[in-house]
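These notes are about the structure you will find just below.
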Ligand code: GLN
């Protein structure tokens, strides 16, 4: 494969500020799983300020952050990153956005104090924070493509309640936990190449099937949609452990 074709690039949005509850584990998982397939995997930091190379990014990662960190990145997201991010996504790049990052990609994020941050509208969602925080393990039955297993596991810690518009479909249905808003049973969203979710954990080490979905989708724009299978026995054992912990057998409360 030519050098460029063999390259796999992860663009990490605001690694210094939007990176809580172990979210950096998602970066490590994407890089390792690409490397194990013989790709030349690298991550580029896309912090505040001028960003170069966004057009070469295969998968963007936008992690979680509290309201304070969201406010600190907000202007840069709107004024500097929005345009190249939209162009990259239109050109087939993929985005994984978790919690605070997920919220800012929508139409707006409104804090519990009523402060509203207009989002970049990359996904058809809106978020309004309430007084109640949703904290705990989450188990999701996903309808995404033909993922096996069909569950996703993680944990959530957010006050934002996200509601999907017609342009976005849910990443799945909540079996355990609150998900998008603790009311409509949905978790996360999928819209084109963008996957938003409330699942921290970090998410991808215990959900290797989702990691491969993101890698495969990003590489498909370069005609490289097949990924060699990996031995995911350890990752899936961790997945099963969370499933077991989150939904004790009936009668075991
Ligand atoms: N500040 C946002 C909220 O509380 C996002 C938190 C997070 O990223 N975990 O909903």
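The values are calculated or read from the model by the stated rules, or taken from the named source; none is laboratory data. What you see is a predicted model; the values in this text were computed from it and never measured. Methodologically, a virtual Cβ is constructed for each residue, glycine included, from the backbone with ideal geometry; neighbour enumeration extends over all protein chains shown.
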Exercise. Can we say residue 85 is touching a strand residue (DSSP E or B) at 6+ places or on another chain (Cβ under 6 Å), closer than 21 Å to residue 190 by Cα, away from the ligand (no atom under 16 Å from the Cβ) and in a helix (DSSP H, G or I)?
Worked result: no
Seminar exercise, completed: The one condition residue 47 fails out of (1) closer than 20 Å to residue 24 by Cα; (2) touching a helix residue (DSSP H, G or I) at 6+ places or on another chain (Cβ under 6 Å); (3) more than 16 Å from the ligand (Cβ to nearest atom) is (2)
Exercise. Here are 74, 102: which of them is in a helix (DSSP H, G or I), touching a strand residue (DSSP E or B) at 6+ places or on another chain (Cβ under 9 Å) and surrounded by fewer than 18 Cβ atoms within 10 Å (Cβ to Cβ)?
Worked result: 74
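Condition check: surrounded by fewer than 22 Cβ atoms within 10 Å (Cβ to Cβ), away from the ligand (no atom under 16 Å from the Cβ) and part of a helix (DSSP H, G or I). Does residue 226 satisfy that?
For residue 226, the condition - surrounded by fewer than 22 Cβ atoms within 10 Å (Cβ to Cβ), away from the ligand (no atom under 16 Å from the Cβ) and part of a helix (DSSP H, G or I) - is not met.
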Exercise. Name the residues in region 172-207 that are more than 16 Å from the ligand (Cβ to nearest atom) and assigned to a loop (DSSP other than H, G, I, E, B), would you?
Worked result: 184, 185, 192, 193, 207
For this session: Kindly list the number of the only condition in (1) surrounded by 15 or more Cβ atoms within 10 Å (Cβ to Cβ); (2) modelled with pLDDT of 90 or more; (3) within 16 Å of the ligand (Cβ to nearest atom) that fails for residue 142.
Result: (3)
